[in-house]
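J.: Here you go, one structure.
The values are calculated or read from the model by the stated rules, or taken from the named source; none is laboratory data. None of these values were measured; they are calculated from a predicted model. Cβ placement follows ideal geometry from the backbone for every residue including glycine, while neighbour counts extend to all protein chains displayed.
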Amino acid sequence: MADLIATLCHQAARQAAGWRHWLHERPELSFQEFETTAFIEAQLRSFGGIEIRRPTPTGVVGVLRGGRPGKTTAFRADIDALPIQEDPALEPHSQRDGVMHACGHDGHTATLLATAKVLSQLRDQVSGTILFLFQPAEECPPGGAAAFVQAGVLQGVDLIFGMHYHVPEDPGVFLVKPGPLFASTYSFDVELLGKGAHAAFPQTGVDTVLLAAHVVTALNELIPRCIDNRCRAVLTVTGIQSPRTYNSMPDAVSLQGTIRILDRTCEALLLTRVREVIEGLCHTYRAHCKIDLRKGYDLVESTPALAEAVRRVLVRCFGEEHVVEPTPLMGGEDFSAYLKVVPGCYFRAGTRKRKPDGSVSPPHSSTYEFNDDSLPYAVEAQVRVLLEVPAQVGSGGQEGD
């Protein structure tokens, strides 16, 4: 049986490389993945024995009912691309200007398709029901995961899994741990409202440019001076906008940025202090402000027993040296929306691809490259997790008997 699984996974992975190349050349932005979902649906139908559901206009769910009784388990892949112009020297490369699969979602989609194909061939050995979730709009808060949850996709689901490819590690290396993996995220927009004046007579106005400089400085001092250094958090101001003239002080200046938090104990305090600092400085400078602070994604935390069960399966299949504990990342992930509803585990798989000079391009960059050599390992990992882990834990994600 083990040899059969490995053989089927490697065969499907070779096909998955072709699927990924097709998807990579035809990237689509969040909630616009119409050609992508049509392609996914066509592949799922070709496998046979998989029921197709369309819970959202650009989302696909494949349902495989196994030959043995068991839990209902879901595995999610995100399918959207990013508004980035890809380096045309790369192969394969995007055929659509300004849109690129720069975060490996084409790899996620192709891998889960291959997993579905293998498990459809092993239906008699599958316990319970497996849902393959091809989810839109992970890159666009509040994200497609929330839309899937609202559509009832997780109704009756006992456990959920997800996997993200990870550039810093080589193919065949997996990263899994219980607890926090990705940060909770916030976006903020601040409008500083003062009084315009001639630049030669600044005393006659309320200088919003100077105020903005003080606000940016104060916000960057918040975490090291107001938050316990055992709590991991990041605040970054990412933009400043104002009218551009040489001889006039503007009435208003706008700021924007992001906050990332890995420790819930400091979340409320940090958000409160952000408002207090901005409002306090505005009072000092006789200005006013409008603050729009929006929650993006919640903290992604794997259920401990599920994470440990996944780790055991990966160690047995690939060896202890190929399964490592990751450092939590400040990136956001809408997989958190699923974890509010059912127990789950989110893990990562290495896909490092070195350039001729030895460097590696990061995700969300125009030169990001996916390594197809990672596909056979990841397909087998997903297949074995879906076949083995549900039997090891209860429906609440706790260790089974």
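J.: Tell me, which residue of segment 238-278 that is free of Cβ contacts under 8 Å to residues at least 60 places away in the same chain and in a loop (DSSP other than H, G, I, E, B) is surrounded by the most Cβ atoms within 10 Å (Cβ to Cβ)?
T.: PRO250
J.: OK, next. Taking segment 118-154 only, how many residues are among the β-branched types (Val, Ile, Thr) and in a strand (DSSP E or B)?
T.: 2
J.: In segment 289-343, what residues are surrounded by fewer than 18 Cβ atoms within 10 Å (Cβ to Cβ), of a type in the set (Gly, Ala, Ser) and at pLDDT 95 or above?
T.: Matches in segment 289-343: GLY319 only.
J.: Let me ask you something else. Sort out which residues of segment 293-324 are within 30 Å of LEU255 (Cα to Cα) and in a strand (DSSP E or B), and write them in order of number.
T.: Listed by number, the residues that qualify are LEU293, ARG294, LYS295, VAL300.
J.: If you scan segment 161-174, which residues turn out to be assigned to a strand (DSSP E or B) and within 15 Å of the chain's Cα centre (by Cα)?
T.: PHE161, GLY162, MET163, HIS164, TYR165, HIS166
J.: Restricting to segment 166-194, what's the tally of residues that are within 30 Å of ARG286 (Cα to Cα) and either without any contact (Cβ under 8 Å) to a residue 60 or more places away in the chain or crowded, with 19+ Cβ neighbours inside 10 Å (or both)?
T.: Qualifying residue count, segment 166-194: 5.
J.: Would you check which residues across segment 26-40 are crowded, with 16+ Cβ neighbours inside 10 Å and in a helix (DSSP H, G or I) and list them?
T.: Correct list: THR36, THR37, PHE39, ILE40.
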